[in-house]
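Written below as structure tokens is the structure these notes are about.
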Amino acid sequence: MDNPNIHQNLENTSNNATNDNSIFIPNGQTINVSATIGWIGDAWDFITPKLVMWIVMVIIYGIIQLGLILIPHFGFILPNLLEPLFVAGIIVICEKQRTHGKFELGRFFDGFKYKCGDLLVVGLIVCGIQIISSLLIALIDGDNLYQSVFGDIYSYINFDSIITYNDSESSFLSLMISLISLFLSTACSWFAPALIILKNFNVGKALSISFNAISKNILGVILFFIFMYLLIFLSTLPLFLGLLLTAPLYMATSYSSYRRVFYKKEESSNKL
């Protein structure tokens with residue numbers, strides 16, 4: 001179900017002169033490799049004016065994720081299945097804050113109210129990619145298939161199995177499958193929630209454009225994730241308290257990266 005309020009109140013104001021005179025690029029654009037680090041800087045500038053509210057949202061999201069993981073027999077899939085819906089809510093919060101200067105926590109669940117079906121399809125595709133990857137790795141390494149998919153929830157969700165294999169002839173192939181799976185699931189889903197919830201793209205178009213946008217900026221994306229996860233690691237050192245800053249920072253990059261890749265400044269018409 002479409003949300004007329006999202007498209008009328010948010011997206012219709014995003015290109016006018018009162019904002020930043022940006023124009024939307026439907027297929028995304030290639031940006032400088034170093035510019036992807038700017039996603040983090042943009043996200044920081046974005047969350048700091050409403051930092052307390054962002055921290056509150058992170059705590060709520062963390063409690064929800066923990067509850068989902070602990071659900072017997074479904075905890076392995078629900079976090080990934082529902083993640084696009086939560087990301088869509090974060091995107092709407094960001095768009096609202098950018099265009100109106102307001103942080104509306106209730107928008108966090110907009111993905112469950114609008115375009116829910118399309119966002120669930122994105123989650124299903126991501127889960128499918130990861131399940132197929134887990135099954136292939138189990139077959140290659142000779143592990144129990146059921147245990148590989150349903151048993152180790154933590155490693156399944158976070159791809160920790162990449163570094164836990166025993167030394168064997170098949171470990172390199174397993175590593176490659178894990179990396180390919182990680183790339184496919186990330187590339188397809190990174191921009192898809194924003195394109196669906198804000199631009200009303202259908203699932204196929206959103207997945208395709210997201211994949212292409214990530215692919216043509218792949219070096220910058222790799223640099224971004226290295227730098228971002230380094231920040232997250234460092235933030236865990238002081239009793240994990242730093243996560244109260246890096247978690248909302250990471251969440252906001254889903255929007256700041258979307259703005260950098262799919263928008264550009266409109267050139268002045270006064271040039272001779």
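The values are calculated or read from the model by the stated rules, or taken from the named source; none is laboratory data. Bear in mind the structure is a predicted one, so any value in this text is a computation, not a measurement. No Cβ is skipped: glycine too gets one built from the backbone with ideal geometry, and neighbour counts run over all protein chains shown. We work out accessible area using only protein heavy atoms, side chains counted, and drop any ligands, DNA or RNA first. Shrake-Rupley method; radii C 1.70, N 1.55, O 1.52, S 1.80 Å.
By the rule of a C-alpha distance below 22 Å, with chain neighbours fewer than 8 residues away ignored, the lysines paired with residue 102 are 50, 113, 199. Protein-only accessible surface at a 1.4 angstrom probe places the residues 232, 40 in the order 232, 40, largest first. Amide H to amide H, with H built 1.01 Å from N, residue 202 comes under 5 Å of no residue 5 or more places away or on another chain. Each peptide in 46-54, 30-38 receives the mean, over its residues, of other Cβ atoms within 10 Å, and ordering these scores from highest gives 46-54, 30-38. Converting phi to 3J(HN,Hα) with the Karplus coefficients 6.51, -1.76 and 1.60 and the offset θ = phi - 60°, the range 227-238 yields 5, 5, 6, 5, 4, 5, 4, 4, 6, 7, 5, x Hz in sequence order, with x at every glycine or proline. Look at where the Cα atoms of the range 36-73 and of the range 206-234 average out, and the two centres are 18 Å apart.
For residue 205, the lysines whose Cα falls under 20 Å of its own Cα, not counting residues fewer than eight places away in the same chain, are 115, 216.
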